[in-house]
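The values are calculated or read from the model by the stated rules, or taken from the named source; none is laboratory data. Only a predicted model underlies this, so the values are computations on that prediction, with no experimental measurement involved. Reconstructed Cβ throughout: ideal geometry from the backbone, glycine too, with neighbour counts over all protein chains shown. Keep in mind that these areas ignore ligands, DNA and RNA; they rest on the heavy atoms of the full protein, side chains included. Shrake-Rupley method; radii C 1.70, N 1.55, O 1.52, S 1.80 Å.
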Amino acid sequence: MKFTLVILGAPYSDSASQSALAFAQAALDDGHSIHRLFFYANGVYNASRLAAPPQDEHDLPASWTQLIKQHQLDAVVCIAAALRRGVIDATEAKRYQKDSNNIAEGFELSGLGQLIEASAASDRLLTFGP
Amino acid sequence: MSTLHTVNKSPFADQTLQSCLTLCANGDSILLIEDGTYGALTAAPTTALLNSVIARGITVYALGDDLAARGLHSQLNNITTINYQTFVRLSCEHKTIQSWY
Amino acid sequence: MKSLLCISRHSPYGTAIAREALEAVLAAAAFEQNIALLLMDDGVWQLKDQQQPIAGIQKSLARNLNALEMFGVDTVYAHQPSAQKRGLNTAELCIESIEWLDDDQVRQLISNHDHLLSF
């Protein structure tokens with residue numbers, strides 16, 4: 001089966017990110033494929049590489065980055081939701097004259113069209129809400 | 001084809017589980033996750049409704065990791081405790097997944 | 001083409017979820033996808049007339065709801081028992097064409113779609 005997961009919760013705020021990560025891992029372990037991870041609403045905060053949780057806590061954003069890298073997953077962060085929340089890549093930082101960017105490796109800013117395309121291309125669409 | 005419903009809110013605080021139980025259809029399944037697992041307690045305000053939904057053939061599950069984290073175990077013997085592997089399998093077996101939060 | 005049903009269950013101004021649900025619906029419509037919107041539970045508050053968001057701070061959600069038709073989303077579905085439970089006056093709402101559904105019709109609507117977007 002081909003899955004698309006929509007993640008709407010921020011790490012360390014609610015459980016959406018943690019549950020989605022565990023689901024994604026289980027689906028991949030079971031031989032399924034993930035067509036796209038779509039980070040939307042507060043879920044965009046999962047894509048910040050500047051999160052610095054204490055050492056005795058699970059580093060959720062790092063775990064996402066690792067999973068994405070390991071399985072070469074397509075991880076899209078909704079650009080409109082991200083920019084208004086301060087999650088930004090180098091191109092957008094330049095466009096909006098910001099002094100820095102923070103998007104983690106493996107994530108890509110793009111439009112809501114990527115969610116719509118993913119839903120059309122996937123067998124199953126799951127939302128992980130806050 | 002049927003729907004898998006996930007519910008992640010405590011029925012002691014929120015109407016989410018009640019709405020889900022009211023609108024689920026025959027052949028659907030319900031999975032209690034995160035704070036939704038408090039719905040597996042006999043003291044939950046939704047217990048009577050939940051039992052009636054199970055009686056008409058809807059299967060209810062609870063995620064074991066989320067029960068355990070909260071120091072809970074399902075007090076309703078008609079709720080099945082499952083792991084993420086089974087969560088994945090259930091989402092394959094149903095056509096759509098509605099997430100109630 | 002796969003059909004998408006967006007189920008929006010949250011009230012309009014307390015959190016960004018209702019707004020971001022509508023933005024997803026508008027995007028799907030802009031990409032000419034088969035998309036429908038169902039408002040239920042607190043989501044029916046999005047239909048309330050006389051919404052007066054704070055100028056310069058909050059953006060009107062009613063305006064986005066009104067834009068749906070222009071983007072080709074012809075029908076907005078709403079769960080009648082949710083409105084009734086909340087005492088929402090269904091005679092005076094911020095959009096005109098709404099198709100009210102009872103519990104059975106909501107079950108039917110869900111089963112008629114390939115994917116659900118849960119907001």
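Mean sequence separation of contacting Cα pairs (under 8 Å, at least six apart), scaled by the length of chain C, corresponds to a relative contact order of 36 percent.
Here the alpha carbons of chain B define both size measures, Rg and Dmax, at 11.9, 35 Å. Taking the charge dipole of segment C:1-81 about its Cα centre, with +1 at Lys and Arg Cβ atoms and -1 at Asp and Glu Cβ atoms, the residue from C:40, C:78, C:15 reaching farthest to the positive side is C:15. For the pair residue A:105 and residue A:2 in one chain, pulling the backbone fully straight at 0.36 nm per residue adds 34.8 nm over the alpha carbon distance. For segment A:2-128, a simple Cβ point-charge model (Lys and Arg +1, Asp and Glu -1, everything else neutral) yields a dipole of about 420 debye relative to the Cα centre.
Chain A contacts chain C over a buried accessible area of about 1400 Å², both sides summed; the probe is 1.4 Å and only protein chains count. Taking only the Cα atoms of the protein assembly as shown, the radius of gyration and Dmax are 19.7, 61 Å.
Surface exposure of segment A:2-128, expressed per residue as accessible area with a 1.4 Å probe, stands at 43 Å².
Annotation for segment A:30-57 versus segment B:64-80: alpha-carbon center distance of 27 Å. Taken about its Cα centre, segment C:3-118 carries a charge dipole of roughly 420 debye when the Cβ of each Lys and Arg holds +1 and the Cβ of each Asp and Glu holds -1.
What a 1.4 Å probe finds exposed on the protein assembly as shown is 46% carbon and sulfur by accessible area, rounded to a whole percent. Were the residues from residue C:15 through residue C:95 laid out at 0.36 nm apart, the gain over their Cα-Cα distance would be 26.7 nm.
With a 1.4 angstrom probe, the accessible area lost at the A-B interface totals about 1500 Å².
Give me the summed buried accessible area for the B-C pair, 1.4 Å probe, to the nearest 100 Å². Between B and C, the summed buried area is about 1400 Å².
For residue A:29 and residue C:50, the FRET efficiency from 1/(1 + (r/R0)^6), where r spans their Cβ atoms and R0 equals 56 Å, is about 0.60.
Calculated FRET efficiency, residue B:83 to residue C:63, Cβ-Cβ distance, R0 = 45 Å: about 0.50 to the nearest 0.05. On a per residue basis, the convex hull of the C-alpha atoms belonging to chain A measures out at 97 Å³. All Cα-Cα distances of segment C:1-111, cut into 10 Å bins from zero to the largest, leave 14, 49, 32, 4, 0 percent in each bin in turn.
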